[in-house]
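Report on the structure given below.
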Amino acid sequence: MENLLIIFLRTILIYFIILVIFRLMGKREIGELNVLDLVVFIMIGEMAVVAIEDHHEPIINTVLPMAVLLGIQIMLALISLRSSRVRHLIDGSPSIIINKGKIDEKEMRKQRYNFDDLLMQLRSKDIDNIADVEYAILETSGQLSVVQKANKKNKTANYTEPLIVDGKIQTANLKKCNKTEEWLRRELTRRGYHNLDVISFCSFQDGQFFIDLKD
């Protein structure tokens, strides 16, 4: 019974300590955490678990490392405010995934970011066609910032499935469009695309193809 009471009290104490630490670290949405924030949060979480489970150890052995992490976090935050070089080192730099309507496959590979990720984040912004995008920037937080083409803004359309991704025909999506692989190859050949391997992304909407070549 005594052990349960100790665990109960330590849990409450650790809870309030972590609450104070996170408040001192500043306000930031979970989706906007940088790598350093995430590392600190994971380490503090692990320390909290150890402090609660191993109740025979003095609680100062947990609180002190938490305070050190808090100090490091605040110090680096202050330094990054004054130094853009440190800020870029800690936070990284945004990556341009779509530049002037052209997909940058090299940057996508560098960021280990695939077409499923891109399409999912575009859908979350009510954009159903890559052809409508002028710029797409992958922020350091992992969120995608999108600038639509001027003639596509505020235009609504039905969602379109990709027909070719990274040179490979998406057979299931063709069936959804009631189209065949022969039709797709014929239409692309008419437009001068004889080798599908060179196509990074292809979609079909409102009677028009959007075709992006690799690199």
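Rolling a 1.4 Å probe over the protein heavy atoms gives the chain an accessible area of 65 Å² per residue. Calculated FRET efficiency, residue 24 to residue 89, Cβ-Cβ distance, R0 = 25 Å: about 0.65 to the nearest 0.05. Taking the inverse of the mean 1/r over every pair of distinct Cα atoms in the stretch 103-150 gives a Kirkwood hydrodynamic radius of 11.0 Å. The residues neighbouring residue 204, those whose beta-carbon lies less than 10 Å from its own, together hold a net charge of -2 under the Lys/Arg +1, Asp/Glu -1 convention. With a threshold of 23 Å on the Cα-Cα distance, the over-threshold entries among 149/214; 110/214; 100/176 are 100/176. Take every pair of alpha-carbon atoms less than 8 Å apart whose residues are at least six positions apart; their mean separation over the length of the stretch 70-209 yields a relative contact order of 19 percent.
Toward the positive end of the charge dipole of the stretch 1-102, with +1 on the Cβ of Lys and Arg and -1 on the Cβ of Asp and Glu, the farthest Cα among 99, 18, 52 is that of 99.
Taking the inverse of the mean reciprocal distance over all distinct Cα pairs, the Kirkwood hydrodynamic radius of the chain comes to 21.2 Å. Nonpolar atom fraction for the chain, defined as the carbon and sulfur part of the 1.4 Å probe accessible area, stands at 57 percent. Exposed loop sites were defined as trypsin sites (Lys or Arg not before Pro) in DSSP loop states (anything but H, G, I, E or B) carrying at most 11 other C-beta atoms within 10 Å; in the chain the longest segment without such a site runs 28-99.
The values are calculated or read from the model by the stated rules, or taken from the named source; none is laboratory data. Source: prediction; values computed, not measured. Cβ atoms come from the backbone with ideal geometry, glycine included; neighbour counts cover every protein chain shown. Ligands, DNA and RNA are excluded from the accessible area calculation, which covers all protein heavy atoms including side chains. Shrake-Rupley method; radii C 1.70, N 1.55, O 1.52, S 1.80 Å.
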